[in-house]
Amino acid sequence: MASLKINRMILTDKLSSIANVRHGFFTRNRPGETFGNRNCAYRANDDETAVDRNRSACAEAVGTTLAHLITVKQRHTADVMIADAPMHWREAPIADAIVTTTPGLSLGVLTADCAPVLLADKSGKVIAAAHAGWRGAFDGVLENTVAKMESLGTQRANIVAAVGPCIGQASYEVGPEFIERFVAKDTGFARYFTNRQPNGHCYFDLAAFAADRLRAAHVGEVIITGQDTCAEEATLFSYRRSVQRKEPDYGHQLSAIAIALDR
């Protein structure tokens, strides 16, 4: 079984089996909730105290604290940063992936349809978290993350990567310009688009694209957890669902990974 889904987070067997590494793809719910609001993004209309509380619960679940949870200002870039000390979210740089070798830090990414990717060396000494929307994945954020892990001492064949909950192909309709951009870069990318419509629209498989970017970077093991954020309203936030319903706002779930202090 690739993943185990529980009410508040999704775990993968492969990452869970690595000594000293703790991780979780967190849902919108606390234990016992349905249609919860455990939003973990600081946005203009959000209660910062509530977001702190939600992020703190996630950090504690991977063995750290809110003060030791590092997130960055995500802008759909291919930029990767190395973290070696706690950092307040207001001081974080613009980047879309974080790598560390420092025990006691948790690395987090926020998503609401984009793919969260958590990575760890099988030794448990190097970990990473990446935010991979279509643009970041297209521009190389995952390859850059793997390269940064390698620069810190890991071997690519020893990396385990998990692509977490993101918008599923059945929910991800895209137009001809989107498709043309991918096929112009690599004609083989046509395989990620199916069910062509009379208007030229197709459905894009973001999870498979992200997973294949990791495999092309020679990552040893790649897992897709398989949840569709847009379709699974009871457990996951979705930007596209909010747009389809003309809702005024939407939440973000957090995915986090940490090296335990008790090494």
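Okay, here's what the table says:
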read-out: Single match in Asp121, Asp139, Asp113 (criterion: at pLDDT 95 or above and on the phi > 0 side of the Ramachandran plot); value: Asp113
read-out: Residue within segment 235-242 that is within 22 Å of Arg30 (Cβ to Cβ), β-branched (Val, Ile, Thr) and in contact with a His (Cβ under 8 Å, 6 or more places away or on another chain) present; value: no
read-out: Flag for Ala112 being touching a residue at least 60 places away in the same chain (Cβ under 8 Å), among the aliphatic types (A, V, I, L, M) and closer than 20 Å to Val72 by Cβ; value: yes
read-out: Test for Val99: is it more than 21 Å from Phe182 (Cβ to Cβ), more than 12 Å from the chain's Cα centre (by Cα) and either among the small types (Gly, Ala, Ser) or part of a strand (DSSP E or B) (or both); value: yes
read-out: Residues located in segment 56-87, provided they are assigned to a loop (DSSP other than H, G, I, E, B) and among the basic types (Lys, Arg); value: Arg75
read-out: Residue among Ala115, Ala129 that is small (Gly, Ala, Ser), crowded, with 24+ Cβ neighbours inside 10 Å and closer than 21 Å to Ala19 by Cα; value: Ala129
read-out: All positions within segment 107-144 that are small (Gly, Ala, Ser), farther than 23 Å from Gln227 by Cα and touching a strand residue (DSSP E or B) at 6+ places or on another chain (Cβ under 8 Å); value: Gly124
read-out: All positions within segment 15-53 that are in contact with a Phe, Trp or Tyr (Cβ under 6 Å, 6 or more places away or on another chain) and β-branched (Val, Ile, Thr); value: Val51
read-out: Counted residues, segment 34-55 - those being outside any loop (DSSP other than H, G, I, E, B), of a type in the set (Ser, Thr, Tyr) and closer than 19 Å to Thr235 by Cα; value: 0
read-out: Residue satisfying condition, being without any contact (Cβ under 8 Å) to a residue 60 or more places away in the chain and closer than 28 Å to Leu69 by Cα, within set Ala211, Ala207; value: Ala211
read-out: Residue within segment 171-178 that is surrounded by fewer than 20 Cβ atoms within 10 Å (Cβ to Cβ), among the aliphatic types (A, V, I, L, M), at pLDDT 95 or above and part of a helix (DSSP H, G or I) present; value: no
read-out: Failed item, numbered, when Ala161 is tested on (1) small (Gly, Ala, Ser); (2) part of a strand (DSSP E or B); (3) more than 18 Å from Ala216 (Cα to Cα); value: (3)
read-out: Scope segment 207-258; condition surrounded by 22 or more Cβ atoms within 10 Å (Cβ to Cβ), of a type in the set (A, V, I, L, M) and assigned to a helix (DSSP H, G or I); matching residues; value: Ala207, Ala210, Ala211, Leu214
read-out: Some residue of segment 185-204 being under 21 Å from the mean Cα position of the chain (by Cα), touching a residue at least 60 places away in the same chain (Cβ under 8 Å) and surrounded by 20 or more Cβ atoms within 10 Å (Cβ to Cβ); value: yes
read-out: Cross-chain or 6+ apart pairs with Cβ under 7 Å, segment 56-75 first and within 22 Å of Cys114 (Cα to Cα), then at pLDDT below 95 and not in a loop (DSSP other than H, G, I, E, B); value: Thr71/Trp89
read-out: Members of segment 135-145 that are in contact with a Phe, Trp or Tyr (Cβ under 8 Å, 6 or more places away or on another chain) and either surrounded by fewer than 23 Cβ atoms within 10 Å (Cβ to Cβ) or not in a helix (DSSP H, G or I) (or both); value: Phe138
read-out: Which numbered condition Phe189 fails, given (1) in a helix (DSSP H, G or I); (2) in contact with a Leu (Cβ under 8 Å, 6 or more places away or on another chain); (3) of a type in the set (A, V, I, L, M, F, W, C); value: (2)
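The values are calculated or read from the model by the stated rules, or taken from the named source; none is laboratory data. What you see is a predicted model, and the numbers here were worked out from it, not measured in a lab. No Cβ is skipped: glycine too gets one built from the backbone with ideal geometry, and neighbour counts run over all protein chains shown.
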